[in-house]
Amino acid sequence: MGAGRERSLRDELLEAAAELLARRGYKRLRMQDVADAVGVSRQTVYNEFSDKWGLAQAVVLRDNDAYLDGVDDALSRHEDLCSAVAAAVTYTLKTASDDPLKKAILTGADGGDLLPLFTTQADPLLFAARARIIDHAVSQWPGLDRDTVAEIADAAVRLTLSHVVLPAEPPETVARLIARIVTRYLGEPAP
């Protein structure tokens, strides 16, 4: 089996697992069901992800990569930093509120089982988001200091994630607030 097939198999397994998680929740997710959906043995799923928690983590990380592609796009469509941050936060909050997997995790009957992936065990998500945002920001706005961007990116990502988990205001309101915080911290003008 070549590397291309392995990657394709992993993607198929993740897609099947995401659909099952959204529909059934974590407690009723079985490795055998994921295997059956793709037409492989249960052992193949275990070989790829070790256990059910590893599979769930991989699904959430893959989902996060797709969000970060959208964040990159939102940032790229704006020349000024304030508008770019507001657009990226709005995109994140609106997309998360419509995502069936996130809804299952955040509001489902057994969603609490996976909630740590967005809270106490969210380090892989936060690290990936922070790294992508830092790289994008210093590339698009080269006058920004990388270390300072890293400090505020961490705070902005955590604040945005907290509003994904527990929305308090409309996405646009939260986005404007976070954009003001980021631009003030970086000493950039707000339109």
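The values are calculated or read from the model by the stated rules, or taken from the named source; none is laboratory data. Predicted, not measured: the structure shown is a model, and the values here were computed from it. Neighbour counts run over all protein chains shown; Cβ positions are idealised from the backbone, glycine included. Keep in mind that these areas ignore ligands, DNA and RNA; they rest on the heavy atoms of the full protein, side chains included. Shrake-Rupley method; radii C 1.70, N 1.55, O 1.52, S 1.80 Å.
Couple of notes before you dig in:
- Of all residues assigned to segment 118-133, none qualifies as being more than 30 Å from Ala22 (Cβ to Cβ), out of contact with any His (no Cβ under 7 Å at 6 or more places or on another chain), assigned to a helix (DSSP H, G or I) and β-branched (Val, Ile, Thr).
- Here Thr95 meets each of (1) open to solvent by 30 Å² or more (accessible area, probe 1.4 Å); (2) farther than 17 Å from Ala18 by Cβ; (3) assigned to a helix (DSSP H, G or I); (4) not hydrophobic (A, V, I, L, M, F, W, C) with one exception, condition (2).
- Options Thr95, Thr120, Thr90, Thr148: the member that is touching a residue at least 60 places away in the same chain (Cβ under 8 Å) and either closer than 17 Å to Arg62 by Cβ or of a type outside the set (Phe, Trp, Tyr) (or both): Thr90
- Checking segment 79-90 against the condition returns no match, with no residue being of a type outside the set (Phe, Trp, Tyr), farther than 16 Å from Arg180 by Cβ and touching a helix residue (DSSP H, G or I) at 6+ places or on another chain (Cβ under 8 Å).
- Exactly one residue out of Lys103, Lys94 is of a type in the set (Lys, Arg) and at pLDDT 80 or above, and it is Lys94.
- Flag for Val40 being of a type outside the set (Lys, Arg), more than 26 Å from Arg132 (Cα to Cα) and buried (at least 19 other Cβ atoms within 10 Å of the Cβ): no
- Residue in segment 33-55 that is under 30 Å from His136 (Cα atoms), of a type in the set (Phe, Trp, Tyr) and modelled with pLDDT under 95 present: no
- Within segment 14-36, the set of residues being over 17 Å from the mean Cα position of the chain (by Cα) and open to solvent by less than 70 Å² (accessible area, probe 1.4 Å) comprises Ala16, Leu20, Gly25, Tyr26, Leu29, Met31, Gln32, Asp33, Val34, Ala35.
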